[in-house]
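This report concerns only the one structure given below.
The values are calculated or read from the model by the stated rules, or taken from the named source; none is laboratory data. Just so we're clear, the structure is a prediction, and the values are computed from it rather than from any experiment. Cβ: placed from backbone, ideal geometry, glycine included. Neighbour counts: every protein chain shown.
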Amino acid sequence: MTRLFNDPVNFVDEATEGFVAAHAQRVCQVPGGVIRRTRSEPGTVAVVIGGGSGHYPAFAGLVGQGLAHGAVMGNLFASPSAQQVYNVCKAANNGGGVLLSFGNYAGDVLHFGQARERLIREGIPCEIVAVIDDVSSASQEELHKRRGIAGDLTVFKIAAAAAEAGYSLEEVVRISRAANLRTRSMGVAFDGCTLPGSKDALFHVPAGKMAVGLGIHGEPGISEQAIPTADALAELLVSHLLEEVPDGVKSVKGARASVLLNGLGSIKYEELFVVYRRVNQLLEAAGIEIIEPEVGELVTSLDMAGASLTLFWLDDELERLWKAPADAPAYRKGSLEPAPPIDASKLDIPDADEIPAASEPSIAAARCLYRALSATRKVIDDNVEELGRLDAIAGDGDHGIGMQRGAVAAELAAEEAVSRSAGAGTMLRLAAEAWADRAGGTSGAIWGVMLNALSLTLGDDETPSAAHYADGVTKAKEDVMTFGKAKAGDKTLVDALIPFSDALSQAVAAGDDLSTAWQKASAEATAAAEATAQLSPKLGRARPLAKKSVGTPDPGATSLAMILTAIQTVIDQPVAEVS
């Protein structure tokens, strides 16, 4: 269990403060994470990595010369917000574009994707490579659905070495994707991890058993079996990974590969060395030439008892970049001449407090939208336990509390923005950032995307009409489907959002005012949310437990329908013109 902490709420902030103090010569803190303390060549690509905290050395420990230029740090096991990603990218940018890389989890995909769109709008080229090394999480035919685990390190290292060598953004993306497709990992766990302040672990493995293929957040694996000997574990992991040799590796015999044996938090180094002894024997017997292997804690999960094995299949270019020197707090290789320190006063850090000028009609609309967010917070407060119950049936049970955190943060941000005469667009943008930042996870990302889409549509100058709101909801629908990859029938929030958007647009086009159109559309959303009970989930953490989910409506679709219905009362209030 996690024993040393003060207030659990402050755990990540205090850990970050201590980390930066301990490695002040290599990293400095910026809003949302850390960046290199040392100067990079102007015009080169910046590699920004990140994800939830709790996985050290990933992600902050991998920032430094020859490795990442910045790391975005979310809350424990929760994706960072789009605002955090944006902040770190702005501070780390060297003028040659930004590559974002992270494990392939829904919340990270949404938040990093939203930040990418914002950077591109500002003229900063930005691309994404999501790591997909975990062979247990999806079949070869669905590589894009695989999770990122300890193979994060191989992709991060190759991308950063390429950037250090002066590759263009296009070439950094090319070689990073090549590394991604040549990395295969598999993990096992003997017991779960405990969040600071929690009385019990997030999950347990039955005594005397080992979960095979378990994810680093406790996502379901593929089987359970009796705990084997160290040699038998090595044989299990090697045999599984050799069953799936990447395209481009013509023959296992004579191939070159780096090997990563990773401890997840509680396994001691001596235990890992015992396992690696047999891994080395097996790979050499197969005719594989092992290049600069790594044994130790690379991507952990707090105090999880478990380990993973990664094979990174090399070619000449990948080997050269893998061997390139690096000097980060938790990963050092070769020898580097120290670069001069940066001038922190010249970092491009966005001013979060800036409120641009807005028209009077937009300021009035912002006041009405603030009331809608207040109604949203109240309906979530009233239903937080029920939403958690729905989510616990096939998920991790945190949908209610996550939505509550997000709604409260959005309401507070909106209240502050309205008090400073913000327009509708700015107020919604700040509310979106606050919701995503405080809620974390997939639902936080989705609501951040939706509110941001509406903010871009309304802006700060127009007098919002019913058509503006319908167009904003349409954009929200399109952005959520683009970033989250969900479609109708996947049993997600999208199953309620699509009929709501379509009905709202149709009613407004037919001449209905906003109140009438919203009432018709929210009724469609409520019916669609209830109908998700008959669906089987095809995305997200509920997917592996699909059978348990049938018969229960999707919590994301349910909370959306609740909110849309609650907003109707605000639209009907005569105190503001919103149609």
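For segment 285-296, a residue qualifies if it is outside any loop (DSSP other than H, G, I, E, B) and acidic (Asp, Glu), and the qualifying residues are Glu289, Glu294. Could you check, for segment 101-111, whether at least one of its residues is in a loop (DSSP other than H, G, I, E, B) and either in the same structural domain as Met186 (by TED's automatic domain parsing) or small (Gly, Ala, Ser) (or both)? Yes - at least one qualifying residue is present in segment 101-111. Being assigned by TED's automatic domain parsing to the domain that holds Met304, part of a loop (DSSP other than H, G, I, E, B), more than 27 Å from Ile290 (Cβ to Cβ) and touching a helix residue (DSSP H, G or I) at 6+ places or on another chain (Cβ under 9 Å) is a property that Glu219 has.
With respect to Val299, determine if the residue is in the same structural domain as His204 (by TED's automatic domain parsing), assigned to a loop (DSSP other than H, G, I, E, B) and β-branched (Val, Ile, Thr).
Yes, satisfied.
Considering (1) surrounded by 20 or more Cβ atoms within 10 Å (Cβ to Cβ); (2) assigned to a loop (DSSP other than H, G, I, E, B); (3) free of Cβ contacts under 8 Å to residues at least 40 places away in the same chain, the lone condition that Leu4 does not fulfil carries the number (1).
Which residue, of Ala115, Ala71, is part of a helix (DSSP H, G or I) and of a type in the set (A, V, I, L, M)? Lay out the reasoning, then the answer.
Values: Ala71 fails: part of a helix (DSSP H, G or I).
It is Ala115.
Might you let me know whether segment 367-384 holds any residue that is among the basic types (Lys, Arg), touching a residue at least 40 places away in the same chain (Cβ under 8 Å) and closer than 16 Å to Leu454 by Cβ? So far as segment 367-384 goes, yes, one or more of its residues are among the basic types (Lys, Arg), touching a residue at least 40 places away in the same chain (Cβ under 8 Å) and closer than 16 Å to Leu454 by Cβ. Is it the case that segment 307-326 has a residue that's farther than 30 Å from Gly254 by Cβ and either in a loop (DSSP other than H, G, I, E, B) or of a type in the set (A, V, I, L, M, F, W, C) (or both)? Scanning segment 307-326, I find no residue that is farther than 30 Å from Gly254 by Cβ and either in a loop (DSSP other than H, G, I, E, B) or of a type in the set (A, V, I, L, M, F, W, C) (or both), so the answer is no. A single entry from Thr16, Thr44 fulfils the requirement of being surrounded by fewer than 19 Cβ atoms within 10 Å (Cβ to Cβ), in the same structural domain as Lys157 (by TED's automatic domain parsing) and of a type in the set (Ser, Thr, Tyr): Thr16. Applying the criterion of being among the hydroxyl-bearing types (Ser, Thr, Tyr) and over 27 Å from the mean Cα position of the chain (by Cα) to the residues of segment 253-310, the residue that is nearest to Gly50 (Cα to Cα) is Tyr269.
Is at least one residue of segment 453-467 modelled with pLDDT of 90 or more, of a type outside the set (A, V, I, L, M, F, W, C) and within 23 Å of the chain's Cα centre (by Cα)? Yes, there is a match, as at least one residue in segment 453-467 is modelled with pLDDT of 90 or more, of a type outside the set (A, V, I, L, M, F, W, C) and within 23 Å of the chain's Cα centre (by Cα). Identify, from the list Gly400, Gly444, the residue that is touching a Pro at 6+ places or on another chain (Cβ under 8 Å), under 30 Å from His217 (Cβ atoms) and assigned to a helix (DSSP H, G or I). Result of the check over Gly400, Gly444: Gly400. Any residue at all in segment 21-31 that's within 16 Å of Ala328 (Cα to Cα), under 19 Å from the mean Cα position of the chain (by Cα) and in contact (Cβ under 8 Å) with a residue 24 or more places away in the chain? The answer is no, given that none of the residues of segment 21-31 is within 16 Å of Ala328 (Cα to Cα), under 19 Å from the mean Cα position of the chain (by Cα) and in contact (Cβ under 8 Å) with a residue 24 or more places away in the chain.
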